[in-house]
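The values are calculated or read from the model by the stated rules, or taken from the named source; none is laboratory data. Quantities reported herein were computed from a predicted structural model and do not represent experimental measurements. Virtual Cβ from ideal backbone geometry, glycine too; neighbours counted across all protein chains shown. Heads up: the accessible areas ignore ligands, DNA and RNA and are worked out on the full protein's heavy atoms, side chains in. Shrake-Rupley method; radii C 1.70, N 1.55, O 1.52, S 1.80 Å.
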Amino acid sequence: MQTTGHGHNRSSRIGGFHRKSPAERLDLVAAFADLDAATRAHLADMGNLLVPLADKLIENVVATMNVPIGIATNMKVDGEDVLVPMATEESSVVAAVCNAARQTYETGFTTSMSGTLMIAQVQAVNVPDPFAARLRLLERRDDIKAICDDCDPLLVKLGGGFRDIEVRILDTSSGPMLVSHLIVDTRDAMGANAVNTMAEKIAPHIATWSGGRVYLRILSNLADRRLARAHATWKLAEIGGTDVRDGILSAYHFAAADPYRAATHNKGIMNGVSAVVLATGNDTRAVEAGAHAYAARSGRYTSLTHYEVTASGDLSASIELPMAVGLIGGATKIHPTAQACLKILGVRTAERLARIIAAVGLAQNFSALKALATVGIQKGHMDLHAQNIAMMAGAVGDEVDAVARALVAKGTVRIDVAETVLAGLRGG
Ligand code: MEV
């Protein structure tokens, strides 16, 4: 019995797939999935990412996934105007940042950072005397520093390197675990490679000194020593009065009190954050994992932002979240689009990038709460959404706008309605 839409026997066991060229792999995939020539040609067009480069970034490459980059305007961060490239497939995200930033352009966003420290964890089990072992490891601080710094002399030369060790005793289902945290200043690197190398290098020593067995040696994405912070004030007159302000406050209180709402509230923040992280070739999942873990640090998942009323009655907003982004290493350095986006941002340090991203997250959240507390989110979404629906219904060229306008005017943005409108347009 057939279990897929494909009409012939197929095997996913393709020997030597990774050794083939992207074009050869695509041929195999096209045969496997019955892709027609047009679809195959579409996938083969990798746009402005050179095939040999794409083929180096990940394994088994056959194509690329293009996502639009929009520019957030009106952003002023620490007194400096900045244009922010955002890579996202979601409509309204870029417009939301532009709008929020426009409403606080006079003063802009003030930002700071707790540091550029990453944490690597080394897990030791079966340690006979964990409390004493913890102290034995702490006493080896200088030896540990020497071994870690020796892994990356360039990082040390640039002012980074090992900073400290912490040792925790965890009570787990398989007994006590001795978990060492290497705290490393990774400067302008995101730092995953640097700290993972150190963790692997130090692991055998930790096994010897602790008398236990080491298993995991890997960074923590809860980068709570790399917190990016941003705050801004939205003037009462700019945002439309006390009703709007109080609606936003109430939306924040809702998120602060309820994980169901906080998840959506923080998702909106990450709409902005991840778009800049992606545009600059950084690791969106690392930043997302860090943000959500940080939002749950009290034991209850809550809002990443805070809203308050200032002495003069304006709306004061702030955000603080882990921001493990870098300027060197990985796709950041070799992806030409990421390089171009960094150039547009004009950032020279990972810290500046992290701080701008925090400001974007705050702007995104302000816009979402303002829309939700007033006209609702669908109104702002409608125009672009209507265009998407028009294209899904088959509209091309000028038809897209015409169909979209008709859908918005009807107040019914649905594909069946779009098809009817389009048929009418073509018939007439
Ligand atoms: C949609 O992608 C994001 C929002 O749901 C965020 C929010 O509810 O705060 C609008």
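In table form, for the structure just shown:
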read-out: Residue pairs meeting the criteria (Cβ under 6 Å; at least 6 apart or on separate chains; first farther than 20 Å from Phe109 by Cα, in the range 232-259; second of a type outside the set (Ser, Thr, Tyr) and within 16 Å of the ligand (Cβ to nearest atom)); value: Gly247/Ala373; Ala251/Leu369; Ala251/Leu372; Ala251/Ala373; Phe254/Arg261; Ala255/Arg261; Ala255/Ala262; Ala255/His265
read-out: The lone exception for Ser274 - which of (1) among the polar types (S, T, N, Q); (2) open to solvent by 70 Å² or more (accessible area, probe 1.4 Å); (3) within 16 Å of the ligand (Cβ to nearest atom) it fails; value: (2)
read-out: Residues (more than 13 Å from the ligand (Cβ to nearest atom) and either open to solvent by less than 10 Å² (accessible area, probe 1.4 Å) or free of Cβ contacts under 8 Å to residues at least 12 places away in the same chain (or both)) located in the range 350-363; value: Ala350, Arg352, Leu353, Ala354, Ile356, Ile357, Ala358, Ala359, Val360
read-out: Qualifying residue in the range 206-220 (condition: among the charged types (D, E, K, R) and open to solvent by less than 30 Å² (accessible area, probe 1.4 Å)); value: no
read-out: Residue among Gly70, Gly16, Gly7, Gly79 that alone is of a type outside the set (A, V, I, L, M), at pLDDT below 95 and either at negative phi or out of contact with any His (no Cβ under 9 Å at 6 or more places or on another chain) (or both); value: Gly7
read-out: All helices (runs of 4 or more DSSP H) inside the range 214-320 with 1 or more residues being within 27 Å of Leu117 (Cβ to Cβ); value: 259-279, 284-295
read-out: Number of positions in the range 141-169 that are within 20 Å of Thr197 (Cα to Cα), touching a residue at least 12 places away in the same chain (Cβ under 8 Å) and open to solvent by less than 90 Å² (accessible area, probe 1.4 Å); value: 19
read-out: Selection status of Ile328, under 26 Å from Leu117 (Cβ atoms) and more than 16 Å from the ligand (Cβ to nearest atom); value: yes
read-out: First in the range 370-391 and of a type in the set (Asp, Glu), second anywhere and open to solvent by less than 40 Å² (accessible area, probe 1.4 Å) and within 13 Å of the ligand (Cβ to nearest atom), Cβ under 8 Å, 6 or more apart; value: none
read-out: Qualifying residue in the range 393-410 (condition: part of a loop (DSSP other than H, G, I, E, B) and within 16 Å of the ligand (Cβ to nearest atom)); value: no
read-out: Hits in the range 88-115 - residues which are among the aliphatic types (A, V, I, L, M) and open to solvent by less than 10 Å² (accessible area, probe 1.4 Å); value: Val93, Val97, Ala100, Ala101
read-out: Options Thr302, Thr310, Thr337; residue that is open to solvent by 10 Å² or more (accessible area, probe 1.4 Å), within 16 Å of the ligand (Cβ to nearest atom) and either more than 20 Å from Gly108 (Cα to Cα) or not assigned by TED's automatic domain parsing to the domain that holds Thr186 (or both); value: Thr302
read-out: Single residue of Thr197, Thr172 found to be over 30 Å from Gly79 (Cα atoms), within 29 Å of the chain's Cα centre (by Cα) and open to solvent by 20 Å² or more (accessible area, probe 1.4 Å); value: Thr197
read-out: Some residue of the range 82-105 being in contact with a Phe, Trp or Tyr (Cβ under 7 Å, 6 or more places away or on another chain), touching a residue at least 12 places away in the same chain (Cβ under 8 Å) and within 16 Å of the ligand (Cβ to nearest atom); value: yes
read-out: Residue in the range 364-373 that is open to solvent by 70 Å² or more (accessible area, probe 1.4 Å), within 24 Å of the chain's Cα centre (by Cα) and within 16 Å of the ligand (Cβ to nearest atom) present; value: yes
read-out: Residue count, the range 388-407 (criterion: open to solvent by less than 60 Å² (accessible area, probe 1.4 Å) and at negative phi); value: 11
read-out: Of all residues making up the range 291-307, the number that are in contact (Cβ under 8 Å) with a residue 12 or more places away in the chain and farther than 17 Å from Ile356 by Cβ; value: 11
